[in-house]
1. Angle, helix 240-251 long axis vs. longest principal axis of the chain, Cα atoms, 0 to 90°, nearest 10?
2. Please give every one of the aspartates and glutamates within straight-line cross-link reach of residue 171, meaning a C-alpha to C-alpha distance under 13 Å, and leave out same-chain neighbours fewer than 8 residues apart.
3. Once you order the gyration tensor axes a ≥ b ≥ c over the Cα atoms, which shape class does region 51-142 get: rounded for a/c under 1.5, otherwise prolate or oblate by comparing a/b with b/c?
4. At 1.4 Å probe size, with every protein chain present, just tell me what the per residue accessible area of the chain comes to in Å².
5. Report the GluC sites (Glu not before Pro) located in region 1-105 that are in a DSSP loop and have at most 14 other Cβ atoms inside 10 Å of their Cβ, or state none.
6. What is the sum of charges, Lys and Arg at +1 and Asp and Glu at -1, for the other residues whose Cβ falls under 12 Å from the Cβ of residue 15?
7. Per the helix-only calculation at 222 nm, which mean residue ellipticity applies to the chain, given -39500 (n - 2.57) for every DSSP H run of n ≥ 4 and division by its residues, nearest 500 deg cm²/dmol?
8. Classify region 3-118: rounded, prolate or oblate, from the alpha-carbon gyration tensor (a ≥ b ≥ c, eigenvalue square roots; a/c under 1.5 rounded; otherwise prolate if a/b is larger than b/c)?
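The values are calculated or read from the model by the stated rules, or taken from the named source; none is laboratory data. All values reported here derive from a predicted model rather than from experimental measurement. All Cβ positions, even for glycine, are placed from backbone atoms using ideal geometry, and neighbour counts span all protein chains on display. Heavy atoms of the whole protein, side chains included, go into the accessibility calculation; ligands, DNA and RNA do not. Shrake-Rupley method; radii C 1.70, N 1.55, O 1.52, S 1.80 Å.
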Amino acid sequence: MRIALYAFDGITMFHLAAPLMVFGEVTRLGLAPDWETRVWSDRAGSIRTEEGFPVGEIAGPDTVDWADIVIVTSWPESLPHIGKDLSAALSDAHSRGAEIAGLCLGSFAVADTGLLAGRPAVTHWTKMTELRERNSHAGVDESVLYIDHGDVMTSAGTASSIDSCLHIVRKHLGSAAATRVARSLVVAPHRDGGQAQYIERPVTEASGGTAIADVLSWALERLDEPLPIERLAEHARMSRRSFIRQFHLETGSTPARWVLDKRLNEAKSLLETTDRSVENIAALCGFGSAVTLRQNFRSAFAVTPTAYRRQFAVGSTTTSIVDRQR
């Protein structure tokens, strides 16, 4: 397996090091001694990372002709459109059967080639809107850490490049090999959930002094109570129809969506900062039952409340390490 990693001036060291570490571990563990990885750029020579370190002995574009897998390891934060030469190199490699992958912002470069036409992609959650606009014919999926179409692959942000590279190992060498590499690197062979659990989801608020703004403040103090549209409209002294119309004008959302988002945000906060049971959190946030909370939480964040708490609860990581040392 011959893997070509595209790099450029200004790339962060992590984005380049992550695939080098994963694929290098494959050979270090003797899982596939014939796997070889090369770093290349638009011209042979050297590049300088964003951190200011020079990286020498970078191969040139002809490396693409050698590779079975071509990976764009990242892309500049300014999101420039891909150049003609790089686009042609990726397209030509794909035409002869090489797999193409874009890690993190590298998804933009892959999307620019047209290789994702009609197929969903993923990138760092902060750039989802830009990718959706840039790649409107393909769409995006924010609920996953990577999407592999077999011939073309994209991944979510930063550390998910490790998940993506482990997936490549699993795809070509099997689950046992990927698990062994993951164990050696002290990372999870497969992380629960997707990128959705990391995304900041601000809820639009109405401007102060309006009947809708008053309803929002009132509802926030009663998330544990039933909040049907009729009750909200009654508090605003509006008809149901007028309330829904005015609510959308001021918040850009529907009353039901706003209430659900607020309840989910409150549930996330309680999972992160308290040791309350899922059942108790469900009641406090107005879900009625733990089952309803779990269903809505998984639908929104692609992970269960319990799994979310394991990852994000304040102090949970430190406690587990101390416990193991004891």
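1. With rounding to tens, the tilt is 40 degrees.
2. Within reach: 99, 148, 151, 163.
3. On the way: a/c = 2.13, a/b = 1.25, b/c = 1.70.
In terms of gyration-tensor shape, oblate.
4. 49 Å²
5. On the way: sites: 25, 36, 50, 51, 57, 77, 99; in loops: 50, 51, 77.
Passing sites in region 1-105 are 51, 77.
6. Working: positive: none; negative: 50, 51, 77.
Charge balance in the 12 Å sphere: -3.
7. On the way: 15 runs with 157 residues, N = 326.
Helix contribution divided over all residues of the chain: -14500 deg cm²/dmol.
8. Working: a/c = 1.56, a/b = 1.12, b/c = 1.40.
It is oblate, given that a/c is not under 1.5 and a/b is not larger than b/c.
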